[in-house]
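The values are calculated or read from the model by the stated rules, or taken from the named source; none is laboratory data. These numbers come from a predicted model, not from an experiment. Note: ideal-geometry Cβ built from the backbone for every residue, glycine included; neighbour counts use all protein chains shown.
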């Protein structure tokens, strides 16, 4: 059994993917939540890594940069992530183990 549909909530509403997405054009909570879920599910399906590691990635500085890339493109969050996935540097970022976030939260391995 796989966890490909288990979307964990952010632990970093001020920064990372969630915080950046919510501040882009003052997006509503519902829109931010939808974009978070789309990013989360897409990364789970592409990477096959744990939901906890996906959350760490999205809550990190790299998640913030991903949110910027999703905002800058004229495509869906999933399409942007799939395009980014083709680059080896992006895969290295997703699979990196030691993420910290930009506020009080700190994730330990």
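Here are the numbers for the structure shown:
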quantity: Criterion: over 13 Å from residue 66 (Cα atoms) and in contact (Cβ under 8 Å) with a residue 12 or more places away in the chain - qualifying residue of 41, 54; calculated: 41
quantity: In region 59-70, residue surrounded by the fewest Cβ atoms within 10 Å (Cβ to Cβ) [restricted to those that are more than 18 Å from residue 86 (Cα to Cα) and in contact with a helix residue (DSSP H, G or I) (Cβ under 7 Å, 6 or more places away or on another chain)]; calculated: 64
quantity: Count of region 41-58 residues which are under 14 Å from residue 9 (Cα atoms) and surrounded by fewer than 18 Cβ atoms within 10 Å (Cβ to Cβ); calculated: 3
quantity: Residue list for region 29-51, restricted to those being at pLDDT below 90 and over 22 Å from residue 86 (Cβ atoms); calculated: 50
quantity: Hits in region 71-98 (condition: at pLDDT below 90 and surrounded by 15 or more Cβ atoms within 10 Å (Cβ to Cβ)); calculated: 71, 84, 85, 90, 93, 94
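Conditions tested, residue by residue: (1) at positive phi; (2) part of a helix (DSSP H, G or I).
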{"residue": "14", "(1), (2)": "no, no"}
{"residue": "22", "(1), (2)": "no, yes"}
{"residue": "25", "(1), (2)": "yes, yes"}
{"residue": "37", "(1), (2)": "no, yes"}
{"residue": "58", "(1), (2)": "no, yes"}
{"residue": "65", "(1), (2)": "no, yes"}
{"residue": "75", "(1), (2)": "no, no"}
{"residue": "93", "(1), (2)": "no, yes"}
